[in-house]
1. Taking only protein heavy atoms into account and a 1.4 Å probe, give the accessible area per residue of the chain in Å².
2. Counting other Cβ atoms within 10 Å, which trypsin sites (Lys or Arg not before Pro) in the stretch 22-127 have at most 16 and lie in a DSSP loop?
3. Work out how much length W70 to V30 would gain on full extension: take 0.36 nm times their residue separation and subtract the Cα-Cα distance, in nm to one decimal.
4. Ignoring GluC sites (Glu not before Pro) that are buried or in helix or strand per DSSP, and keeping those with at most 13 other beta carbon atoms within 10 Å, what is the longest stretch of the chain between them?
5. Starting at the first residue of the stretch 33-42, write each ³J(HN,Hα) from the Karplus equation 6.51 cos²θ - 1.76 cosθ + 1.60 with θ = phi - 60°, in whole Hz, x for Gly and Pro.
6. Near K24, which aspartates and glutamates are there with a Cα under 13 Å away, not counting those fewer than 8 places off in the same chain?
7. Determine the alpha carbon to alpha carbon distance for each of K12/K51; K12/K77; K51/K81; K27/K101 and list only those over 31 Å.
8. Within the accessible area of the chain, what % is carbon and sulfur when the probe is 1.4 Å and the other protein chains stay in place?
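The values are calculated or read from the model by the stated rules, or taken from the named source; none is laboratory data. All values reported here derive from a predicted model rather than from experimental measurement. Glycine also receives a Cβ, built like all others from the backbone with ideal geometry; neighbour counts cover every protein chain displayed. Note: accessible area is taken over every heavy atom of the protein model, side chains too, but ligands, DNA and RNA are not part of it. Shrake-Rupley method; radii C 1.70, N 1.55, O 1.52, S 1.80 Å.
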Amino acid sequence: MKLPDRSRHWVKEIEKAFSKAVLKADKEKVEDAYLYRYVPELVARARGLSKPEIIEIIKEDVEARVQQNWKLEEDAKLHYKFYFVYSYIHSHVATGFLSEKEADRIMDEMNQSLDLFDDCGGCGGVH
């Protein structure tokens, strides 16, 4: 398991994961707001994690973080790419690969590198 060591590597990995999530969601007829729910399996695959209990920890953590934020922001579901990226990065906290501080730093870099709040609902022009 090797984490990306530069912002551009995180961007590349996250964009690839987002594209996979979009394709899967389109196939399964899942609303864009719920793309973040594909993060646990995508992160598990990227990090070589196969233990179901670890994947379940990621799922629970991601769901709790997103639901907490959705309660605080009325239009949060419109920013589905932001929540996908947020979930992707912070899932590494749930697994112990990153500290909360490291995840927040990476998230700040992703906010600068990716257009997470553009006029297509936060899709970054990808979807």
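1. Using a 1.4 Å probe on heavy atoms only, each residue of the chain averages 57 Å².
2. K29
3. 12.6 nm
4. It runs 75-127.
5. So the Karplus estimates, Gly and Pro as x, are 4, 9, 4, 4, 6, 8, 4, x, 5, 5 Hz.
6. Filter leaves D32, E41.
7. K27/K101
8. 49 percent
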